[in-house]
Amino acid sequence: MQSKEVVEKCDIAFAKWFIDASIPFNVANSPYFQPAVDALCYMGAGYKVPTMPALRGNLLNKHIVKLFKEVVLYVGQENVVQIVTNNAANYVVVGKLLEREFPKLFWSPCATHCINLMLQDMGKLEEVSEAVSHASKITKYIYNHCFTLYLMRQHTSGREILHPAPTRFATNFIALQSILYHKDALRAMVTSKEWTTTIYSKYVKVKQFLEQVLDSSFWSKCADIVKITEPLVRVLRIIDSEDKPAMGYLYRAMYKAGEEIEKRFRRNKLKVEPYLKILDNRWDAQLYKNLHAAG
């Protein structure tokens, strides 16, 4: 019943909101979009939209709970053993509410994400962050200089070195494994005749790179970190595999990982205490479930 001018003004207001908030335009195809607008019109002027804390908190929990409940009832609660979700706080609340409503149902956070968070916490330890930074400087220099990259591939028989990545926690530890594997090749490269006779070897940045590669304290630290984290990375590979369901292996795999870490540093327990504490805290708070033990 409104004039074209008023309708256009309303359309432009919606368009500005979509564009300013970088909302994907296909959101307009959501079946909930028009009902939301209708409800807004029914409320009339003066209605205050929900705040961000309300949207991401109580309102989100109410809707996710409803969604999962509908799925469980559709499938049949006698056919649902476990629901696995994201580890965000709102999903934790939803999981507890679902377990309360369906006593025979188990909720679990994503195991892959939990182990990644363990590795993230370990990555915040000073010795780990220093080692990752050191490894990153070495790999960046190699892959940013053609001659160095050529020599590296000559000494590693064409094998590449993985780069530490700031956003993938497990990748950093896998990268440390990779650079440690090529330790002898890298040290042989910077002491080879091809390296020492090149004009570039006299440059300041090249000398810094040489010191980084020959830094024995870095390699010692790197070896310790790899020895500590390798069992946990192995668990991550098991549960992140798509070959077969891995949830039944999780409990034993985590137990064996902790046991192996302790065994590797039996003579230096203080070395692994911070790592084991992180592992235990995350496991007890998020992943320790009777269902995993049964599996």
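Tabulated data for the structure shown
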| quantity | calculated |
| --- | --- |
| Taking the convex hull of Cα positions in the stretch 158-245, its mean projected area over all directions (nm²) | 7.6 nm² |
| Surface accessible to a 1.4 Å probe, Met52 within the full protein complex, Å² | 130 Å² |
| Area accessible to solvent at Glu130, 1.4 Å probe radius, in Å² | 90 Å² |
| Candidates His182, His145, His163: whichever shows maximal mean-square fluctuation once the chain is modelled as a Gaussian network with Cα springs under 10 Å | His145 |
| Ranked order, Cys222, Cys41 - accessible area, probe 1.4 Å, largest first | Cys41, Cys222 |
| Value in Å of the Kirkwood radius, where the stretch 171-295 supplies the Cα pairs that are averaged | 17.3 Å |
| Normalised convex hull volume, the stretch 1-64, alpha-carbon set, Å³ per residue | 129 Å³ |
| Built amide H within the under 5 Å cut-off of Gln82, gap 5+ | Phe106 |
| Tail beyond 35 Å, pair distance distribution of the chain (Cα, percent) | 46 percent |
| Accessible solvent surface per residue of the stretch 1-138, calculated while the other protein chains remain in place, 1.4 angstrom probe, Å² | 70 Å² |
| Where Arg252, Arg267 fall by accessible area, highest first, once all protein chains stay in place (1.4 Å) | Arg267, Arg252 |
| Helix-only [θ]222 nm of the chain, DSSP H runs n ≥ 4, -39500 (n - 2.57) each, per residue, nearest 500 | -21000 deg cm²/dmol |
| Zero-based 5 Å bins, Cα pair distances in the stretch 24-101, whole percents | 3, 12, 17, 18, 18, 15, 11, 5, 1, 0 |
| All Cα pairs of the stretch 233-295, percent lying beyond 16 Å | 50 percent |
| Within the accessible area of the chain (1.4 Å probe), percent carbon and sulfur | 57 percent |
| Geometric extent, Cα atoms of the stretch 90-235 - Rg, Dmax (angstrom) | 20.5, 74 |
| Packing-based order for 239-249, 106-116, using average beta carbon neighbours within 10 Å, highest first | 106-116, 239-249 |
| Largest to smallest accessible area among Tyr203, Tyr251, Tyr42 [probe 1.4 Å] | Tyr42, Tyr203, Tyr251 |
| Of Ile174, Ile19, Ile142, the one that fluctuates the most in a GNM where the chain has Cα springs shorter than 10 Å | Ile19 |
| The stretch 1-88: trypsin sites (Lys or Arg not before Pro) in DSSP coil with no more than 10 other Cβ atoms inside 10 Å | Lys48 |
| Per-residue SASA entry for Ile23, accessible area with 1.4 Å probe, Å² rounded to 10 | 40 Å² |
| Coarse-grained scattering of the stretch 203-249 at q = 0.15, 0.21 Å⁻¹, given as base-10 log I(q)/I(0) from a Debye sum over alpha-carbon atoms | -0.60, -0.75 |
| Sparse-neighbour loop sites [trypsin sites (Lys or Arg not before Pro); the stretch 100-145; at most 16 other C-beta within 10 Å; DSSP] | Lys104, Lys124 |
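The values are calculated or read from the model by the stated rules, or taken from the named source; none is laboratory data. For clarity, every value in this text was computed on a predicted model and none was experimentally measured. Glycine also receives a Cβ, built like all others from the backbone with ideal geometry; neighbour counts cover every protein chain displayed. Each accessible area value is taken on the protein alone, full model and side chains, heavy atoms only, with ligands, DNA and RNA left out. Shrake-Rupley method; radii C 1.70, N 1.55, O 1.52, S 1.80 Å.
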